[in-house]
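The values are calculated or read from the model by the stated rules, or taken from the named source; none is laboratory data. In this text, all values refer to a predicted model and were calculated from it rather than measured experimentally. FYI the Cβ positions are ideal-geometry reconstructions off the backbone, even for glycines, and counts take in every protein chain you see.
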Amino acid sequence: MIHFVPLVVCAVAIYLSCEWFVNAVEWLGRRLNIAKMAVGTILAAFGTALPESVVTLVAVTTGATEEARNIGVGAAMGGPLALATVAYGVTGGMLLLKRRRERRPVLETTGMASSGLDGVEALGDEKDMKRLAKDQQWFLPIFVVKVSLGLVAFAFKPALGLLFFGAYAVYFWREIRSDDDGDGEEEELEPLKLQPKAAIPATGAVVLQTVATLGVIFFASQLFVKQLDAIGPMLGLSAAVTALLLSPVATELPEIMNAVIWVRQGKTKLALANISGAMMIQATVPSGLGLLFTSWKFDGALLWAGVITMAAIVYLLLSMRARRLTPARLAAAALFYVVFGLGLIPILT
């Protein structure tokens, strides 16, 4: 019981911090005059993924043994898996709930029964689908190379880690220079929480709120993961199952919380952009670190994680290209994580 209380406290702290973080990062994007979607793909994603990348860096550079350094390899594979399945799935579930709540007053007023088709409407038009698919088209080939390198060994493999940093640099430059804001209009932002009465908050206050909330998110996330590691054995789960099945979800909790908050605010495009941007970081920066400082050799569990991640992305990409990405189909992405968990049973036993 002693571990469950800090777990709940950390989850609440992460959610509240993310509330303040997304509020600050939108103002930061306005201050930097970058495209609205880049707020999600670059600023928000970079902010929440940076602490995880630092943890990976520490693991691969200071680990006393090869096994200790390989913790960073597991994190580099677990992050994209959780984002491609659980994060998208939770976002789809939140969209379904939001649409049903919005429909309920109309149904009650008209006296009509619900058709149960709340999740049928696609998440945008052809332009929106192309914009969403573009990030997946960047991610998938990079991730395929990342997994392939885990199956082979050759002398200059560590040097290829630099190419992953370069790939993210190109993606970063493309997003920052993009002027595609989706709907093409500038929306009114909520007042900065540190200066609720200011129509235009001070830049210093925006930066302070951004940095402070990131600090809380970082420490609360790390404590959350530690509590989860302790609770896993209490629930009869092995350390390996906890590390591969539960810890990735815990480490990606800030991105999931950001998506939940933005969906609640009606900013679905930002929510999806945050997840896809975080996936690009997870596919490149931790991978580059792992290649530089470890043998980057995959076992069965890591390979299985890679296969499920690629399958989930192909499923999402096909839905986007067919312009059939609905809240229900997005929520179904979480089922890939269930498949991953079931597949771990024969691998780890």
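Please verify whether Leu291 is in contact with a Lys or Arg (Cβ under 9 Å, 6 or more places away or on another chain), at pLDDT below 90 and more than 28 Å from Gly232 (Cα to Cα), treating the condition exactly as stated. So Leu291 fails the test. Of the residues examined, Leu292 is one that is surrounded by fewer than 23 Cβ atoms within 10 Å (Cβ to Cβ) and closer than 23 Å to Val145 by Cβ.
Determine whether Arg329 is under 30 Å from Val170 (Cβ atoms), in a helix (DSSP H, G or I), in contact (Cβ under 8 Å) with a residue 12 or more places away in the chain and charged (D, E, K, R). Judged against the criteria, Arg329 is a match. Residues of segment 166-205 that are outside any loop (DSSP other than H, G, I, E, B), in contact with a helix residue (DSSP H, G or I) (Cβ under 7 Å, 6 or more places away or on another chain) and at pLDDT 90 or above: Ala167, Tyr168, Tyr171, Phe172, Thr203. Go through segment 118-151 and report how many residues are at pLDDT below 80, under 23 Å from the mean Cα position of the chain (by Cα) and among the aliphatic types (A, V, I, L, M). The qualifying residues number 2.
Scan Ala76, Ala38, Ala24 and give me the residue that is modelled with pLDDT of 90 or more and surrounded by 24 or more Cβ atoms within 10 Å (Cβ to Cβ).
Details: Ala76 fails: modelled with pLDDT of 90 or more; Ala38 fails: modelled with pLDDT of 90 or more.
Checking each option against the conditions leaves just Ala24.
The set of residues in segment 146-162 being surrounded by 15 or more Cβ atoms within 10 Å (Cβ to Cβ) and in a helix (DSSP H, G or I) consists of Lys146, Val147, Leu149, Lys157, Pro158, Leu160, Gly161.
Which members of segment 295-310 meet the condition of being under 17 Å from the mean Cα position of the chain (by Cα) and either small (Gly, Ala, Ser) or not in a helix (DSSP H, G or I) (or both)?
Hits for segment 295-310 are Ala305, Gly306.
Could you tell me how many of the residues in segment 318-346 are touching a Phe, Trp or Tyr at 6+ places or on another chain (Cβ under 9 Å) and either loosely packed, with under 15 Cβ neighbours inside 10 Å or within 23 Å of Val263 (Cα to Cα) (or both)? So the count comes out to 7.
Part of a helix (DSSP H, G or I) and under 16 Å from Thr41 (Cβ atoms): does that describe Met280? In short, yes. Among all positions in segment 228-242, there is no residue which is within 18 Å of Ser17 (Cα to Cα) and either modelled with pLDDT of 75 or more or in a loop (DSSP other than H, G, I, E, B) (or both). Only one of the numbered conditions (1) under 21 Å from Gln227 (Cα atoms); (2) free of Cβ contacts under 8 Å to residues at least 40 places away in the same chain is violated by Ala82, and that is (2).
So is Ala271 within 15 Å of the chain's Cα centre (by Cα) and within 21 Å of Val25 (Cβ to Cβ) or not?
Details: within 15 Å of the chain's Cα centre (by Cα): yes; within 21 Å of Val25 (Cβ to Cβ): yes.
It is true that Ala271 is within 15 Å of the chain's Cα centre (by Cα) and within 21 Å of Val25 (Cβ to Cβ).
Among the candidates Ile308, Ile261, single out the residue that is touching an Asp or Glu at 6+ places or on another chain (Cβ under 7 Å) and at pLDDT 90 or above.
Numbers: Ile308 fails: touching an Asp or Glu at 6+ places or on another chain (Cβ under 7 Å).
Going through Ile308, Ile261 in turn, just one is touching an Asp or Glu at 6+ places or on another chain (Cβ under 7 Å) and at pLDDT 90 or above: Ile261.
Scan segment 99-117 and give yes if some residue there is part of a helix (DSSP H, G or I), at pLDDT 80 or above and either among the β-branched types (Val, Ile, Thr) or within 24 Å of Ala84 (Cβ to Cβ) (or both), otherwise no.
Yes, segment 99-117 contains a residue that is part of a helix (DSSP H, G or I), at pLDDT 80 or above and either among the β-branched types (Val, Ile, Thr) or within 24 Å of Ala84 (Cβ to Cβ) (or both).
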